[in-house]
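Trainee: Before I ask anything, here is the structure I am working with.
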Amino acid sequence: MNRIRRIAAVWTCKLLIKIGKLAGKKGSSTPGIYALKIYPGILEDLSKQVKHEIIAVCGTNGKTTTNNLICSILEKKGYKVVCNKVGANMLPGVVTAFIDSADLFGNLHADYAAIEMDEASCVRIFPHFTPDIMVISNLFRDQLDRYGEIDITVDFLKKALALTKNTTLIINGDDPICATIGKDFNQKVITYGISEDLQIHLNETKEGQFCAYCGSRLAYDYYHYSQLGQYHCESCGFQRPAIDYEATQVDIQNGLKFTVNQKMRIAVDYRGFYNVYNILAALCTADCLHIDLSDINEILSDYKPQIGRMEKFDLGKPVILNLSKNPAGFNQGIFTVLSDTHTKDIIVMINDNAQDGKDISWIWDVDFEKLDNEKVHSLGFCGIRRYDVNVRFKYADFERKSSKVYDDLKSAIKDMIKKGGEVLYILVNYTAIFQAQDILKELEEEYRKGGLEI
C-alpha cells in the first residue's frame with residue numbers, strides 16, 4: 001500500500017511542479033504539500049535512498065548561497081545532489097526537492113543531499129530524517145512577527161538538534177549565539193571564522209551582546225558586522241571558540257581574497273564581505289566530506305549566484321540587484337554598495353507580504369545614514385511600504401539628496417537609470433526579488449533590441 005501511495009505522491013508532485021513552471025511560479029512548496037497529504041512518509045522513504053551524507057544548512061543570512069556552493073562543489077566533482085536551490089526551505093519545499101530528483105517510481109539515485117532549512121522548520125523536518133552534517137551560518141534578528149526575538153529561534157534549533165544522532169555541527173565561531181549552541185551540543189562541533197581585525201566599523205545593533213551563561217555584556221577585541229567578531233565574557237570566561245577553519249589575509253577590494261588555515265589561498269570575483277563566511281562554510285563542509293579542493297578557485301569562479309545576490313544587469317550602465325531581508329543583511333548590502341568606488345543611484349524596495357513579515361520596524365535598525373555619501377547621487381523608494389522607507393530616510397536627514405517615491409518598480413528603474421550615477425543599485429526584500437528580476441530581464445531585452453531609451 002505504501003508503495004502505491006508513494007508513487008501517487010511522486011506523480012502528483014511532479015505534475016504540480018510542471019504546472020507551476022508553466023505558470024511562471026518561482027517557488028516550489030505547493031507540490032510538496034500535496035505529496036505529504038497523499039503519503040506522509042514520502043520524505044523519510046526518499047531520504048533513506050541518499051547514498052552518502054545529507055547536509056542541512058540553516059541560519060539567518062547566507063544559507064541559500066552556502067547551500068548552493070556546497071551543491072556546486074559536489075556536482076563539479078561528478079556527484080548527483082538533491083538540492084532545494086531556489087530556497088524553498090520549509091518542510092513542503094524540502095519534499096518537493098527530493099521528489100523532483102526522484103524517478104516516477106520514487107527511486108532516488110543521489111549521492112548527497114544539500115538542503116537549506118528554515119530555522120523554525122528544522123523541528124518539523126528532522127523527524128523525517130536527521131542530517132549527517134548541519135551548518136549554522138549565523139543568527140540575527142529576522143521577521144519579528146514570525147520568529148519573535150532571537151532566543152526563540154535558538155530554542156527551535158536546540159530542540160531540532162536534540163533529535164539528531166551522530167550529526168557533525170559546523171558553526172560560525174565568530175557568532176556568540178552560534179558558539180553557545182555549539183558549546184551545549186554533545187556531538188562533534190567544527191568551527192569557522194575570520195581571525196583578524198579588518199577595521200570594519202558599522203553602527204549596528206548586536207544581537208548576541210550579552211553572555212548567554214551569566215548575562216554580562218560581552219567584550220569585543222574587534223567585530224566584523226552585527227555580533228560577529230572576536231569576543232569574550234570578562235565575568236564567566238565564555239569566549240570565541242578555537243577556530244578550525246580560519247580566514248586570514250582578507251582582501252575585499254576588487255573581489256574577495258583570503259587564506260584558509262595559512263595554506264589555501266582563495267581568490268574570486270565575488271561582491272560582498274559576507275561571502276567570505278559563505279565560502280568558508282562551504283569549504284569546511286566539503287573538507288569534512290573528504291572532497292578534493294585543489295581546484296576550488298575554478299569551481300567557485302564557475303558558480304552562479306542565485307537570484308538577487310548582487311546580480312548584474314546591463315541597461316546601458318550596470319544595474320545591480322541585491323536581496324536583503326533584515327538589518328544585518330541590509331547593512332552588509334550598504335557596505336558592499338559603498339565599497340564600489342563608482343558614483344551610484346539607489347532604489348530601496350520594501351514589501352510586507354506574509355513571506356517578508358508584516359512588522360518592518362527593523363528598518364530603523366538599518367544604518368541607512370551611511371548612504372549619505374558623496375558617491376550616492378539620488379535615492380528612489382518603492383514597494384508596498386515605500387512611504388515608511390521614505391519617512392525612515394527623512395529621519396536619516398537625507399533632505400539634501402534627490403529622492404523620490406515611486407508607485408511601481410518599473411517606473412522607478414526607467415527614471416533612475418537616467419540619473420547621473422555610473423551604477424544603479426536596487427536593494428529589495430524577499431517578495432520583491434522575483435518581480436525585480438523579471439522587470440530587469442524585460443528591460444535588459446528591450447535595451448538590447450534598441451527599444452529602451454536611456
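Trainee: Here are the criteria: (1) in a helix (DSSP H, G or I); (2) in contact (Cβ under 8 Å) with a residue 24 or more places away in the chain; (3) of a type outside the set (Phe, Trp, Tyr). Tell me which single one residue 298 does not satisfy.
Mentor: Residue 298 satisfies all of (1) in a helix (DSSP H, G or I); (2) in contact (Cβ under 8 Å) with a residue 24 or more places away in the chain; (3) of a type outside the set (Phe, Trp, Tyr) except (2).
Trainee: Here is a check on your reading of the model: is residue 278 surrounded by 22 or more Cβ atoms within 10 Å (Cβ to Cβ), outside the structural domain of residue 76 (by TED's automatic domain parsing) and touching a Gly at 6+ places or on another chain (Cβ under 6 Å)?
Mentor: On the way: surrounded by 22 or more Cβ atoms within 10 Å (Cβ to Cβ): yes; outside the structural domain of residue 76 (by TED's automatic domain parsing): no; touching a Gly at 6+ places or on another chain (Cβ under 6 Å): yes.
Answer is no for this residue.
Trainee: Would you check if residue 353 is surrounded by fewer than 21 Cβ atoms within 10 Å (Cβ to Cβ), over 28 Å from residue 448 (Cα atoms) and touching a Ser or Thr at 6+ places or on another chain (Cβ under 9 Å)? Steps first, please.
Mentor: Working: surrounded by fewer than 21 Cβ atoms within 10 Å (Cβ to Cβ): yes; over 28 Å from residue 448 (Cα atoms): yes; touching a Ser or Thr at 6+ places or on another chain (Cβ under 9 Å): yes.
Judged against the criteria, residue 353 is a match.
Trainee: Moving to a separate point now. Of the residues that make up region 105-124, is at least one more than 24 Å from residue 311 (Cβ to Cβ), in a helix (DSSP H, G or I), among the small types (Gly, Ala, Ser) and at pLDDT below 95? Write out each step before concluding.
Mentor: Quick first cut of region 105-124, residues more than 24 Å from residue 311 (Cβ to Cβ) only: 105-113, 119-124.
After this cut, where a residue has to be in a helix (DSSP H, G or I) as well, the list is 119-124.
When the remaining residues are screened for being among the small types (Gly, Ala, Ser), the result is 120-121.
From what's left, at pLDDT below 95: 120-121.
Yes: region 105-124 contains one or more residues that are more than 24 Å from residue 311 (Cβ to Cβ), in a helix (DSSP H, G or I), among the small types (Gly, Ala, Ser) and at pLDDT below 95.
Trainee: While we're looking at this one, here's another question. Which residue out of 304, 263 is within 30 Å of residue 354 (Cα to Cα), out of contact with any strand residue (DSSP E or B) (no Cβ under 8 Å at 6 or more places or on another chain) and among the basic types (Lys, Arg)?
Mentor: So the residue among 304, 263 that is within 30 Å of residue 354 (Cα to Cα), out of contact with any strand residue (DSSP E or B) (no Cβ under 8 Å at 6 or more places or on another chain) and among the basic types (Lys, Arg) is 304.
Trainee: Any idea how many residues of region 217-243 are touching a residue at least 60 places away in the same chain (Cβ under 8 Å) and charged (D, E, K, R)?
Mentor: Residues flagged as touching a residue at least 60 places away in the same chain (Cβ under 8 Å) and charged (D, E, K, R) within region 217-243 amount to 1.
Trainee: Looking at residue 338, is it in the same structural domain as residue 69 (by TED's automatic domain parsing) and either within 21 Å of the chain's Cα centre (by Cα) or in a helix (DSSP H, G or I) (or both)?
Mentor: no
Trainee: Could you check, for region 92-100, whether at least one of its residues is touching a residue at least 60 places away in the same chain (Cβ under 8 Å), over 24 Å from residue 161 (Cβ atoms) and surrounded by fewer than 20 Cβ atoms within 10 Å (Cβ to Cβ)?
Mentor: yes
The values are calculated or read from the model by the stated rules, or taken from the named source; none is laboratory data. Remember, it's a predicted structure, so these values are computed and weren't measured experimentally. Every residue, glycine as well, gets a Cβ built from its backbone with ideal geometry; the counts of neighbours run over all protein chains shown.
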